[in-house]
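Novice: Sharing a structure, written as structure tokens. Questions coming.
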Amino acid sequence: MWQQLLPGLRIKLFMTVVLGVIYPLMMTGISQVIFPKQANGSLIKAGDKVIGSELIGQSFSKPEYFHPRPSAAGMNGYDATASGGSNYGPTNQKLLDRVKASIDQFHKDNPGYQGPIPADLVTASASGLDPHISPDSARAQVERVAKARGVQSDQVNDLVEQSIETPDLGILGEPRVNVLRLNLALDQHFAVKHVVEQ
């Protein structure tokens, strides 16, 4: 019996060491040398403090910041440990109610916007953690952000245009704006000026 079991156990032990220890350590080491930023999560820092990752969306709700896509990840959204969409079909009443609520919230937050609402501002991504919005979604929020910061809309719009990322390799994906990076650029260029309404 042991003559039949021992070869299988040896192979299992060998493969466990090679594929479970040596290979992951080797790939981690190579990644740290060649792509250290990406291997460590593409983290964004303000000074010495980590404030997020350029790959994981997070919630922004203050009027002086651009808002991301809605999130269905976790109970309250934007939970990186519970990545995923709602998986509701297009006729599901819960999905319709959530999209309607997102549309109502957008109109409440952006009363001056008159154009069509970009779909990505009212629908969640498959992961629920998409860090990007479309350029049209950013442009739809410019007036609110400019007013909250006490600057001209053109100034904020110029910053949006500078923040547009092109498709990878010129063909993969769509033009997009990273919400966290755009909001950091806002803080660097335009400090929040609280406008007192008369």
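Readers should treat all values here as calculations from the given coordinates under stated rules, not as data from a laboratory. Please read all numbers here as calculations on a predicted model, not as lab measurements. Every residue, glycine as well, gets a Cβ built from its backbone with ideal geometry; the counts of neighbours run over all protein chains shown.
Novice: Considering every pair of different Cα atoms, what Kirkwood radius, in Å, is found for segment 1-40?
Specialist: By the Kirkwood definition, the hydrodynamic radius is 11.9 Å.
Novice: When the convex hull of the Cα atoms of segment 42-189 is projected onto a plane and the area is averaged over all directions, what value comes out in nm²?
Specialist: On the way: hull surface 39.1 nm².
The orientation-averaged projected area of the Cα hull of segment 42-189 comes to 9.8 nm².
Novice: Helix 93-109: angle to the longest alpha-carbon principal axis of the chain, degrees 0 to 90, nearest 10?
Specialist: 50
Novice: Compute the helix-to-body angle for 135-149: its Cα long axis versus the longest principal axis of the chain, expressed 0 to 90° and rounded to tens.
Specialist: On a 0 to 90 degree scale, this one is about 60.
Novice: Please give the helix 23-34 orientation as an angle from the longest Cα principal axis of the chain, in degrees from 0 to 90, rounded to the nearest 10.
Specialist: Relative to the chain, helix 23-34 is tipped by roughly 40 degrees.
Novice: Something else: May I ask for the net charge around residue 177, where only other residues with Cβ less than 11 Å from the Cβ of residue 177 are counted and Lys, Arg are +1 while Asp, Glu are -1? It would help to have the intermediate numbers written out before the result.
Specialist: Details: positive: 139, 176, 181; negative: 120, 136, 161, 165, 174.
Local charge sum for residue 177: -2.
Novice: Going by Cα centres, segment 142-186 and segment 1-65 are how many Å apart?
Specialist: Measuring centre to centre over Cα atoms gives 31 Å.
Novice: From the square roots a ≥ b ≥ c of the eigenvalues of the alpha-carbon gyration tensor of segment 1-122, which class results: rounded (a/c under 1.5), prolate (a/b over b/c), or oblate? It would help to have the intermediate numbers written out before the result.
Specialist: Working: a/c = 4.60, a/b = 1.99, b/c = 2.32.
Taking the square roots of the gyration eigenvalues as a ≥ b ≥ c, segment 1-122 is oblate.
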